[in-house]
Every structure is written in structure tokens, then in C-alpha cells.
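The values are calculated or read from the model by the stated rules, or taken from the named source; none is laboratory data. Quick caveat: nothing in here was measured; it's all calculated off a predicted structure. Cβ placement follows ideal geometry from the backbone for every residue including glycine, while neighbour counts extend to all protein chains displayed.
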Amino acid sequence: MKVLIMRFSSLGDIVQALEVPRSIKKKYPQAEIHWITKTEFAEIVSTNSYIDKVWKFNRDRGLKGLHYYYKVLKNEDYSLIYDAHNNLRTTLLKIPLWLFTRARFITRPKNRIRRFLFFKLGFKKLLPIPFRGMESFLWPLKSIGIPQVSYEAHPLELPVPQVLGALDHIDQAICIAPSAAWKLKRWSVENWQKLIKSFPDKEFYIIGGPTDTFCKDIQSIAPDRCFNYAGKLTWVETFWLINQSKILVSGDTGALHVADFLGKDCVGLIGPSAFGFPSRPKSKALSANLSCQPCSKDGSSSCKNKQYQRCLTELTPEIVKLKLDEIERGFE
């Protein structure tokens, strides 16, 4: 059995879809699994030991790139092609493969009509709430005997980042991911600062991207024990830091799904979006459970509540601390 998985982006979905190769190989141990993704995500996909080959797609090549990969992939003689992205790019690549190969095709549905009715007209029963993305990547594989749920932690091959050097007591530190692609999903700087102050004996590692300049403000509340790595690490290096730390606190963003995937203790602050809920038993999702939640698929819409961003302002630092203390007692 030779399988091709197509998932080009984004980080959170890439990570959640990484459960698919292991699930396939547990059912079909002799399967050879390939994955095609954007060049910038290839290193992440390569950390999964259940994947035998990673194809790097340069999106700058556009249609020429898709034509090139059609010519290459049609000669691989795949028995199964799983379109885990289901966008224009994968469709343009999938159609000629469907016409001129013998592969079986499975596509992860986007449920676009249901999403429209769900978000725009308020038909809340059309999609599962909470929606767990990792499980949604397994649902389409039921037809080939793949279990729809996996609660087992998944290790990745993560090398020790040289840029970090030796970090003392990292296994007792709290890792925090304050950012998100959309501002509506971000907990305030003041809340992050209050959370840090509530743990005067803890070290904190801040992770994020190069544009997350507000992370410096968060660090400033306790610069002697708060270390800002936002924009300084690759994603694989960030994965290693999450995996080594004691616990992660994150908004609804890729870092939360990394910790969830690895089976790390983590606390997710779920605000306006629908698809950020983690799946593993050690992952705790905090939500205000307002009637207006969720209001968008990714937090890109405007707030519909009279109290701006109430879904996150009701998740106070005190509430988050209580949850962290509860998890901490579980370590004892």
C-alpha cells in the first residue's frame, strides 16, 4: 500500500494532520507514506518517523509547479491519495491524477455550506461543538478501517536546538504562546503579565513569530525569569521547547496543537473561533461558553458581543492560574 497525503498549510492543520500517517501504519504496517506540502512546512512534516518521503512544493512556481508534481507523482503508483487540504491547489493536482492513475481518492470535506449556515445564520447543530481538528482528519479514513479517535501521545524526532544552548530547569518552566494570526483571538498583554506575576517562582518561555513584538512587553514584567524567544526559533526548534517545558499556555493557535499532538500538558484559551479545540486527555480547553461563541472559523470576523472580546476577557488570569494549579497537583 502506497499512500500520498496532500496538506500544504497551515501550521495548526499540518500538526493535527500528522496523526494520519501513524494511524494508517498501525492499520497497515507495510504502508509507504508520502506527504506533499509547502517548502516552509517540509521540516515539520519530516520530524514524523511514520512518513517515508516528503515532497516540497514551492508555491512561487504556481501552475508550473503543479504540472511538474503531476508528472512526478503519477509515476509513484499510489494506491491511495488522501486530500487532507481540499482547496484549489490540491484540486488542480488531484484531477489529472484521478484521470490518469489507478489510485483510490479520499477527500477531507470542508463543509462549506454547513459552515456558512453555522456562522452566518446561526444553525449551531450543523457542526460538532467542540470541533476537534485532529479527529476531523481521521474521520474520512473510516472507509479504510482507520479509527476516528486517537488519544495516544505522538512523539516527533526533534533535535536539540543549538541556538538555545543549555536551559536549566526547563522541565519546570511554563511555555506561553500569546499570539494568534487574528487579534480577536489574542488574550491581552496585561492578562499575560498578571499570569506571570501570579507564579513568582516560575520561569516562563515566550514563543511566537518575528512580528509578535508585543512579546517584549510581556517579558518586561519579569525580565529575570521570563525569556522571549518570539521570532528567534524555527518551528521545529519551537516544538522542542514546547516538548521540554512542563506545560504550555496558549491561545487558539498552532502552538496549542503542537502540545496537544505531543501529549504535553497544556491549557488552551478558546475565544471566537470554532476549530481550535484540542484532542488529547492532557489538553485542557478553557472557554467562556457564551451564546455568541463561536462567531468565526478563525477569528477573522468582527466581535458581535456588546462587550468587546468578552469570550476572552471572561477568562481571567485567576481562572487560568486555578487550572494550572490543578494540573500542577496532578504532577505531585
Scan region 36-47 and report the pairs whose first residue is over 14 Å from R89 (Cβ atoms) and whose second residue is among the charged types (D, E, K, R), with Cβ atoms within less than 7 Å and a gap of 6+ or a chain change.
A42/K56; T47/E157
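If I ask for residues that are touching a helix residue (DSSP H, G or I) at 6+ places or on another chain (Cβ under 7 Å) and either buried (at least 23 other Cβ atoms within 10 Å of the Cβ) or over 21 Å from P21 (Cα atoms) (or both), which ones from region 263-274 would you list?
Just the residues of region 263-274 that are touching a helix residue (DSSP H, G or I) at 6+ places or on another chain (Cβ under 7 Å), to begin with: 264-269, 271-273.
Hits for region 263-274 are D265, C266, V267, G268, L269, G271, P272, S273.
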Read through the list (1) among the basic types (K, R); (2) touching a residue at least 24 places away in the same chain (Cβ under 8 Å); (3) more than 15 Å from P317 (Cβ to Cβ); (4) assigned to a helix (DSSP H, G or I), then give the number of the only condition that K194 fails.
(3)
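Name the one entry in A259, A230 that is assigned by TED's automatic domain parsing to the domain that holds R186 and in a loop (DSSP other than H, G, I, E, B).
Numbers: A259 fails: in a loop (DSSP other than H, G, I, E, B).
A230 is the lone residue from the list that is assigned by TED's automatic domain parsing to the domain that holds R186 and in a loop (DSSP other than H, G, I, E, B).
Helices (runs of 4 or more DSSP H) wholly in region 10-105 with at least 2 residues that are within 19 Å of E135 (Cα to Cα) - which ones? Don't jump to the end; show me each part of the working.
Values: elements: 11-17, 19-27, 42-46, 62-73, 88-100.
Passing ranges, in order: 11-17, 19-27.
Matching residues to (1) among the hydrophobic types (A, V, I, L, M, F, W, C); (2) touching a Pro at 6+ places or on another chain (Cβ under 6 Å); (3) at pLDDT 90 or above; (4) part of a loop (DSSP other than H, G, I, E, B):
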| residue | (1), (2), (3), (4) |
| --- | --- |
| E135 | no, no, yes, no |
| L141 | yes, no, yes, no |
| E152 | no, no, no, yes |
| D168 | no, no, no, yes |
| I176 | yes, no, yes, no |
| L184 | yes, yes, yes, no |
| W187 | yes, no, yes, yes |
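Condition first: crowded, with 17+ Cβ neighbours inside 10 Å and either of a type in the set (D, E, K, R) or assigned to a loop (DSSP other than H, G, I, E, B) (or both). Now tell me which residues in region 289-320 satisfy that. It would help to see each step written out before you state the result.
Start the filter on region 289-320 by keeping residues that are crowded, with 17+ Cβ neighbours inside 10 Å, which leaves 293-299, 303, 309-312, 315, 317, 320.
Answer for region 289-320, where residues must be crowded, with 17+ Cβ neighbours inside 10 Å and either of a type in the set (D, E, K, R) or assigned to a loop (DSSP other than H, G, I, E, B) (or both): Q293, P294, C295, K297, D298, G299, C303, Q309, R310, L315.
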Checking A84 against (1) among the small types (G, A, S); (2) surrounded by 19 or more Cβ atoms within 10 Å (Cβ to Cβ); (3) more than 30 Å from R280 (Cα to Cα), which test does it fail?
(3)
So how many residues does region 70-93 have that are aliphatic (A, V, I, L, M) and touching a residue at least 40 places away in the same chain (Cβ under 8 Å)?
5
For region 56-65, what are the residues that are surrounded by fewer than 18 Cβ atoms within 10 Å (Cβ to Cβ) and of a type outside the set (G, A, S)?
K56, N58, R59, D60, R61, L63, K64
